[in-house]
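Take a look at the structure below.
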Amino acid sequence: MNLDRRTFVQGFGLGTLGALAGCTTAAAASATARSTSASVPVFNPARADEYWRSVRALYPLLEDPVYLNTGGLGPTPQPVLDTFFSTMLELQEHSETGHARFEAARETVAPFVGAKPEEICFVRNATEGNSIIAAGLSLREGDEVIFETHAHPGGSFPWFNQVRQRGVKVRLFDPAATSDEENLKRIKALVTDRTRVIQVSHITCTAGVVMPVAAIAALARSRGIWFHIDGAQSVGMVPVDFAAIGCDSYAFSGHKWLGAPHETGVLFLRRDRLADVAPTGIGAHSGELDYLPGELKYAESATRHEYGTRNAGAVAALAEAVRFQQKIGRDRVAARGHGLASRLIDELKAVEGLTILTPRDPALRGSMMTVQHTRAKASVLFDFLLKKHHLRCRPVTEQGLQAVRVSTHLFTSQSDCERVIAGLKASTREL
Ligand SMILES: Cc1ncc(COP(=O)(O)O)c(C=O)c1O
């Protein structure tokens, strides 16, 4: 594809996106203009503010309201959208599925998370990855699964489905915001001879607690228990290395902290654990069976869980999202979000009328801050911040928490944080 063609593709993609999203023509036009110069800037410590402003400019995300819900859905930066749109158009030009492009994407994504290419498969979201594990492990009535009470429905429903379907028993612990040791202790206290699986959210979606995953992996290994991690809130927020953790399986979303397009996700299945998860959805690309009837052979890799016609544009863009973060530097991405969340915590922790639920210990948290208002329920505080202060956060109502979560990521600015601080302080006077 030549340059003119590519420029046309970018404009076409954004115009379409703007129309679909109901954006104004002006907003779509400005996003189109931005698309022609979408490249990742080079970091200069002496001009850090300028650098982060240039990064922010790569996102077509509108400035109003200030977007603070990456934990729910991450906006996609322009270079990633460009790959998405151009791949889609190239495939449309030949009416091809582009399935062969999955392998190139696998080569990019796997090393980013400490996996071998044959250990990962592309799924639609973290929920699908969690579901493949819950439905695919050989479990019998009375077998026990441990996970935390703050699990997202995408992490808990797959197991409660097994409670209904196979009589599996669920044993739950409340995640502690105090220490790794406390979380480990709570998990250990639930382990019995019938425990078959431990699952944790790498970072909880409620208070943003980082779980001691390597220590839990060691515990699970020593007891012959499967260890699965729901990483919807971690990959793309913090550097993650599955091999170093030592888990058996790990699922994550592309469309949150990585900023990949909607409906992208990855399931990791350790090479020597492949045979332990029976494929639940299966079809073309999952294995071989040339003549019917005959014996179905599963693919000798995690791709046995991939099947049918898929969105190769989205998968190519997921790989581009990884490259985008690599260009910025994954440590720099993590430090930026963490630093902004720390600023929020530091400035709000002593405010009367607010309680920070996120751990105070910097090592126990990532790029999120969750706060409770003494009088206002989650929905009231959420509406107040959105309508009066133009801050798009996320209400947290899991387990009756009644809080609001603020996600800070690489496109969040210091002035966005100042507005969050001002809005939350105002809420203590006005609500
Ligand atoms: C911990 C956790 N697991 C799973 C999910 C669901 O993610 P997805 O939409 O990618 O399935 C979320 C979404 O917020 C989450 O926070």
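The values are calculated or read from the model by the stated rules, or taken from the named source; none is laboratory data. Predicted, not measured: the structure shown is a model, and the values here were computed from it. Neighbour counts are summed over all protein chains in view; Cβ atoms, including those assigned to glycine, are modelled from backbone coordinates with ideal geometry.
Per-structure values
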read-out: Test: residue in segment 269-283 that is of a type outside the set (Asp, Glu) and within 18 Å of the chain's Cα centre (by Cα); value: yes
read-out: Filtered residues of segment 230-244 (kept if more than 16 Å from the ligand (Cβ to nearest atom) and of a type in the set (A, V, I, L, M, F, W, C)); value: Phe242, Ala243, Ala244
read-out: Among the candidates Leu385, Leu381, Leu340, Leu424, residue that is crowded, with 21+ Cβ neighbours inside 10 Å, within 30 Å of Ser39 (Cα to Cα) and not small (Gly, Ala, Ser); value: Leu340
read-out: Qualifying residues in segment 160-171 (those that are outside any helix (DSSP H, G or I) and out of contact with any helix residue (DSSP H, G or I) (no Cβ under 9 Å at 6 or more places or on another chain)) - the one farthest from the ligand (Cβ to nearest atom); value: Gly167
read-out: Where Ile282 falls short, out of the listed (1) over 27 Å from Val406 (Cα atoms); (2) touching a Leu at 6+ places or on another chain (Cβ under 7 Å); value: (2)
read-out: Residue in segment 388-421 that is surrounded by the fewest Cβ atoms within 10 Å (Cβ to Cβ), counting only those that are among the small types (Gly, Ala, Ser) and more than 19 Å from Thr355 (Cβ to Cβ); value: Ser415
read-out: Test: residue in segment 225-234 that is part of a strand (DSSP E or B) and closer than 30 Å to Phe85 by Cα; value: yes
read-out: Set Ala217, Ala207, Ala232, Ala177: member being closer than 18 Å to Ser407 by Cβ and in contact with a Cys (Cβ under 8 Å, 6 or more places away or on another chain); value: Ala232
read-out: Condition broken by Gly308, with the remaining ones in (1) outside the structural domain of Val210 (by TED's automatic domain parsing); (2) assigned to a loop (DSSP other than H, G, I, E, B) satisfied; value: (1)
read-out: Any chance Asp416 is farther than 29 Å from Ala57 by Cβ and either among the hydrophobic types (A, V, I, L, M, F, W, C) or in a helix (DSSP H, G or I) (or both); value: no
read-out: Within segment 192-208, considering residues that are of a type in the set (Val, Ile, Thr) and outside any loop (DSSP other than H, G, I, E, B), the one farthest from the ligand (Cβ to nearest atom); value: Thr195
read-out: Any pair with Cβ under 6 angstrom, 6 or more apart, that starts in segment 241-269 at a residue that is assigned by TED's automatic domain parsing to the domain that holds His305 and under 10 Å from Ile229 (Cα atoms) and ends at one that is away from the ligand (no atom under 14 Å from the Cβ) and part of a loop (DSSP other than H, G, I, E, B); value: Phe242/Val113; Phe242/Gly114; Phe242/Ala115; Asp248/Arg270; Phe268/Ala115
read-out: Where a residue in segment 151-168 is without any contact (Cβ under 8 Å) to a residue 12 or more places away in the chain and its partner, wherever it lies, is among the basic types (Lys, Arg) and away from the ligand (no atom under 16 Å from the Cβ), with Cβ under 8 Å and at least six apart; value: Val163/Lys169
read-out: Scan of segment 248-286 for residues that are of a type in the set (Lys, Arg) and away from the ligand (no atom under 16 Å from the Cβ), ordered by number; value: Arg270, Arg271, Arg273
read-out: Tally of residues being surrounded by 24 or more Cβ atoms within 10 Å (Cβ to Cβ), more than 23 Å from Ala110 (Cα to Cα) and out of contact with any helix residue (DSSP H, G or I) (no Cβ under 9 Å at 6 or more places or on another chain) across segment 188-203; value: 0
read-out: Filtered residues of segment 46-81 (kept if more than 16 Å from the ligand (Cβ to nearest atom) and in a loop (DSSP other than H, G, I, E, B)); value: Leu58, Tyr59, Pro60, Leu61, Leu62, Glu63, Asp64, Pro65, Pro77
read-out: Filter result (acidic (Asp, Glu) and under 27 Å from the mean Cα position of the chain (by Cα)) within segment 284-299; value: none
read-out: Candidate set from segment 209-224 (those that are in a loop (DSSP other than H, G, I, E, B) and touching a helix residue (DSSP H, G or I) at 6+ places or on another chain (Cβ under 8 Å)); member that is nearest to the ligand (Cβ to nearest atom); value: Met211
read-out: Subset of segment 123-159 [within 14 Å of the ligand (Cβ to nearest atom) and over 19 Å from Gly254 (Cα atoms)]; value: Ala134, Phe147, Glu148, Thr149, His150, Ser156, Phe157, Pro158, Trp159
